[in-house]
Amino acid sequence: MELNHNPIHFTHAFHVDLKRKMIIAEHSDIGRRSILNQLYDDACDVGVVMFNPFTGKTTRWFMHQELTDREGDLQVTIYHPCPESTRKIPALAGWTFHILND
């Protein structure tokens, strides 16, 4: 079962790269410190919930990968849309959401 969370609101501060199917945001543009949530009550997957006010749709994105620099500092976290989000919105297939650690 999906857990309810306070979603991140997609804003004009997010950069959309249509060619590469990427949404990019700096963590500080999201507006809150903690964004990771357990997405389902029966799984340990963590990710983010995003609300797009332009479409009125809420989607769920699971954490796919964290990239760090040579010192081990987090640079970017990459999320992929959850399967139920791509079932509801097929156009999400192939998209990624990158949150830069600023």
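Structure values in brief
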| read-out | value |
| --- | --- |
| Which of SER28, SER85 has the fewest Cβ neighbours within 10 Å, and the rest in rising order | SER28, SER85 |
| Share antiparallel - DSSP beta bridges, the chain, percent rounded to 5 | 75 |
| Dimensionless Rg ratio for the chain, taking C-alpha atoms and the 2.2 N^0.38 Å reference | 1.04 |
| Loop chymotrypsin sites (Phe, Trp or Tyr not before Pro), the stretch 33-102 (other Cβ atoms within 10 Å of the site Cβ: 11 or fewer; DSSP) | PHE54 |
| Cα gyration tensor category, rounded, prolate or oblate, for the stretch 13-72 with a/c compared to 1.5 | oblate |
| 10 Å Cβ shell holding at most 14 others, DSSP loop, trypsin sites (Lys or Arg not before Pro): longest site-free stretch of the chain | 34-69 |
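Values quoted throughout were computed directly from the atomic coordinates according to the rules given, and no laboratory measurement underlies them. Everything quoted here is computed from the prediction, not taken from an experiment. Here the Cβ is made from the backbone with ideal geometry for all residues, glycine too, and neighbour counts use every protein chain on show.
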